[in-house]
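Colleague: Quick one: the structure is below, and I'll ask about it shortly.
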Amino acid sequence: LAAKVAAMNKAQAKLQGEVRALKAQGVDAADRLKADKAALEEAASTQSELESQIVTSPEKLKAELEKLAQKADEERAGTAEAHERAKALHLQLEALSRAEEDIAKAVQAMDEAQAEVSRHKGVARQVKDVKAALKVAEDE
């Protein structure tokens, strides 16, 4: 029995040594885990800082600039087209204004001609009346 107890004490001592070793490994693992978490947090912070400094790739920037330049060209073309339409409308308006002035002058000339025709008709009636009166006077 004493040999059995001695063997068990020996086994217990061996197990206690293993438990201490495992506990030490557990503490080391916990320390490493804590250090790894801190390193991970620091890496995340560094990544966040670095991401804010990332510049868009030159290809993407160049493509965006090309799109903006194309849009500006389209806007310029639209503006030029509108300017040309405005210029054409202005010329058309000037032509219509001149035509209106010409029509007003023609109407005035027609009114004057109508007045002249009316005056001529009046004079022609007077001449006719005078001729008729002369004929009546000659016949008497």
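The values are calculated or read from the model by the stated rules, or taken from the named source; none is laboratory data. Just so it is clear, the structure is predicted and the values come from calculations on it, not from any experiment. When we count neighbours, we look across all protein chains shown, and the Cβ atoms used for this are built from the backbone with ideal geometry, even at glycine. Heavy atoms of the whole protein, side chains included, go into the accessibility calculation; ligands, DNA and RNA do not. Shrake-Rupley method; radii C 1.70, N 1.55, O 1.52, S 1.80 Å.
Colleague: Against the definition (modelled with pLDDT of 95 or more and part of a helix (DSSP H, G or I)), how does A30 come out, yes or no?
Modeller: Working: modelled with pLDDT of 95 or more: no; part of a helix (DSSP H, G or I): yes.
Against the criterion (modelled with pLDDT of 95 or more and part of a helix (DSSP H, G or I)), A30 does not qualify.
Colleague: Quick check: anything in the range 1-11 at pLDDT below 95, among the polar types (S, T, N, Q) and open to solvent by 90 Å² or more (accessible area, probe 1.4 Å)? It would help to see each step written out before you state the result.
Modeller: If we filter the range 1-11 for residues that are at pLDDT below 95, which is where we start, we get 1-11.
In the following step, the residues that additionally are among the polar types (S, T, N, Q) were identified as 9.
Narrowing further to those that are open to solvent by 90 Å² or more (accessible area, probe 1.4 Å): none.
For the range 1-11, residues at pLDDT below 95, among the polar types (S, T, N, Q) and open to solvent by 90 Å² or more (accessible area, probe 1.4 Å): absent.
Colleague: Of all residues in the range 33-56, which are open to solvent by 100 Å² or more (accessible area, probe 1.4 Å) and either in contact with a Ser or Thr (Cβ under 6 Å, 6 or more places away or on another chain) or not in a helix (DSSP H, G or I) (or both)?
Modeller: Those that are open to solvent by 100 Å² or more (accessible area, probe 1.4 Å) and either in contact with a Ser or Thr (Cβ under 6 Å, 6 or more places away or on another chain) or not in a helix (DSSP H, G or I) (or both): I54, V55.
Colleague: For the structure I just gave you, tell me whether A137 is open to solvent by less than 100 Å² (accessible area, probe 1.4 Å), at pLDDT 95 or above and at negative phi.
Modeller: Here the answer is no, as A137 does not meet what is asked.
Colleague: Continuing with the same structure: State all residues of the range 57-91 that are polar (S, T, N, Q) and surrounded by 10 or more Cβ atoms within 10 Å (Cβ to Cβ); if no residue qualifies, say none.
Modeller: Once the filter is applied, which keeps residues that are polar (S, T, N, Q) and surrounded by 10 or more Cβ atoms within 10 Å (Cβ to Cβ), the range 57-91 yields Q70, T79.
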